[in-house]
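Everything below concerns the one structure shown next.
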Amino acid sequence: MSEVLYRKYRPRKFSELVGQDQVKEILGRAIEKDSVFHAYIFSGSRGTGKTTTARIVAKMLNCLAEDSEKPCGICDSCKAIDASSHMDVIELDAASYRGIDEIRKIRDAVSYRPVMGRFKVYIIDEFHMLTREAFNALLKTLEEPPDKVIFILATTNLEKVPETVLSRCQIFYFKPLIERDIATYLERIAKSEGLEYDDKALRFISKAAHGGMRDAVNLMERVVSYSGDVSEESVRATLGILPEEVVKEFITAFSSGEPASILKISEEIQSAGYTYEVFLEQVIDTVKDQLIAESTDERFKLLLSLWEITKELKFAEDKRGTFEVMVLLKSGYEKSAIERIGKSENVKSEVFETSDKSEKAPKRDTTEENSLSKLIDHLRNNNFVLLWTLLSLSKITRSESGGVLTLEADSNYSYDLLKDRLESLNGIAEDLIGKRFLLSNESVGGNLFEGLDKDSQEYVNFVISNLGLKDDIYKGKIKIDLEED
Ligand SMILES: Nc1ncnc2c1ncn2[C@@H]1O[C@H](COP(=O)(O)OP(=O)(O)OP(=O)(O)O)[C@@H](O)[C@H]1O
Ligand SMILES: [Mg+2]
Ligand SMILES: [Zn+2]
């Protein structure tokens, strides 16, 4: 394999492009009817076909074939575009050329007629990276679109594109590709490269690519260069997927509730450096396969539990602790789970101590403390998942007098989740102690940068804006007043 696989197998016409049906249909029809728009935005995650589609469009518009289907792929124009040497198809990577000069060059050049073909096509990759000046210069061109010039602006970060530009373009959304389609495409490549492969291996790769075709093809290439074929074992070795036996072992342990082996496997996952999320994904896949082969109530319940655990894990800070507690809990070992909670560092076990030792505690046996114990005991016995969630999402504190119980979320994300679960919590609290938790949204946004030097503040800002987080980060509090009135 001398050429990088993903380049060698770049689709050259719409029929070869996987997925993106809507894009193909709408663009195909517009080109056929000769009614193309002057500016398109291709938005979507990495390696889903934006640049590929842009080049196909350029070929369709400029193909010289008389009566065969376009793009023919063999005329001078098609060949030149495939080789990136067409005079009228200009590709610019805004990630490396962000500035005004490049855009000025474009602005000056657009008024000249196409040299080789019918249309001039400007493809600007990652165009959200353009500087403000460059954007404004581009905007001028988009406002007075010259005849026979088409802009295709590709981006992985649509939210960074100014509204002024958006409103002048037609936007296409490139979707992440589905695993089955990726696997089929990989199989085609494997066949044509004469590679040995098995289906399981292709499935693993497709899954690991998270919807990106370039990533999928590159992963496959990595596997091949590592072990010469695309077998299940090669993929496991290259991608770090736990052997199937461990997964099977786990399913058995889970179904029959063997805490010792559950904890042993958890230990194994951690020490081998795998993530709990990836492991659960693997387990879920296996259970799904089993369910397809033979569906029993028990398997179905198992699948539901696994999904629930996955969901909890997503929110948890202490992945291992949450994994173990949830698995033990779901496999019927509530007691082990409670013991584990006591040990988990991230959980403020203080609450448990308070309630457990309430008899021994130095005399402060007030009604408030009883209310708190009542509530926690009730949750522990009847809705452990809710209790666990509350504990993993928030810090629980009690006021000096013991009268006010506060659940303090550590991020706006947790706060939103707490809010979501407040209703079910209040249902219980009301029945039990005749009280409700109240939301008190105390913004502490100003404290976000407390104690950080300037560089770190900039960094935090950068991270926040790049993750698309709201900049009004707050920590919310949810309070309950335990004092009897
Ligand atoms: N929809 C698809 N069908 C088939 N192959 C694809 C598809 N999307 C991407 N590929 C493969 O991935 C490679 C890269 O695709 P392309 O350059 O079009 O991605 P992109 O969306 O422009 O990604 P980026 O955002 O990173 O620029 C192609 O050469 C091709 O091998
Ligand atoms: Mg691209
Ligand atoms: Zn052609």
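The values are calculated or read from the model by the stated rules, or taken from the named source; none is laboratory data. None of these values were measured; they are calculated from a predicted model. Glycine gets a Cβ as well: all are built from the backbone with ideal geometry, and neighbour counts include every protein chain shown.
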Scan of segment 229-254 for residues that are in contact (Cβ under 8 Å) with a residue 40 or more places away in the chain and surrounded by fewer than 16 Cβ atoms within 10 Å (Cβ to Cβ), ordered by number: Glu244
Residues being in contact with a Pro (Cβ under 8 Å, 6 or more places away or on another chain) and assigned to a loop (DSSP other than H, G, I, E, B): count how many of those fall in segment 32-49. 4
Would you please list the contacts, defined by Cβ atoms under 8 Å and residues six or more apart or on different chains, that run from a residue in segment 196-224 that is on the phi > 0 side of the Ramachandran plot to a residue that is of a type in the set (D, E, K, R) and within 16 Å of ligand 1 (Cβ to nearest atom)? Gly211/Lys175
Within segment 15-37, how many residues turn out to be surrounded by 12 or more Cβ atoms within 10 Å (Cβ to Cβ) and more than 15 Å from Thr184 (Cα to Cα)? 11
Complete set of residues in segment 270-302 that are buried (at least 16 other Cβ atoms within 10 Å of the Cβ) and part of a loop (DSSP other than H, G, I, E, B): Tyr274
Going through Ser45, Ser68 one at a time, which residue ends up being assigned by TED's automatic domain parsing to the domain that holds Lys140 and within 12 Å of ligand 1 (Cβ to nearest atom)? Ser45
Which of the residues belonging to segment 161-214 are within 27 Å of Phe127 (Cα to Cα), surrounded by fewer than 16 Cβ atoms within 10 Å (Cβ to Cβ) and among the basic types (Lys, Arg)? Lys175
Of the residues that sit in segment 6-52 and are within 14 Å of Asp125 (Cα to Cα) and of a type outside the set (Gly, Ala, Ser), which one is farthest from ligand 3 (Cβ to nearest atom)? Arg46
Please go through segment 48-65 and give me each residue that is near ligand 1 (Cβ under 10 Å from one of its atoms) and among the aliphatic types (A, V, I, L, M), ordered by number. Ala54, Ile56
When you scan segment 71-84, do you find a residue that is away from ligand 3 (no atom under 15 Å from the Cβ), surrounded by fewer than 22 Cβ atoms within 10 Å (Cβ to Cβ) and not aromatic (Phe, Trp, Tyr), even just one? yes
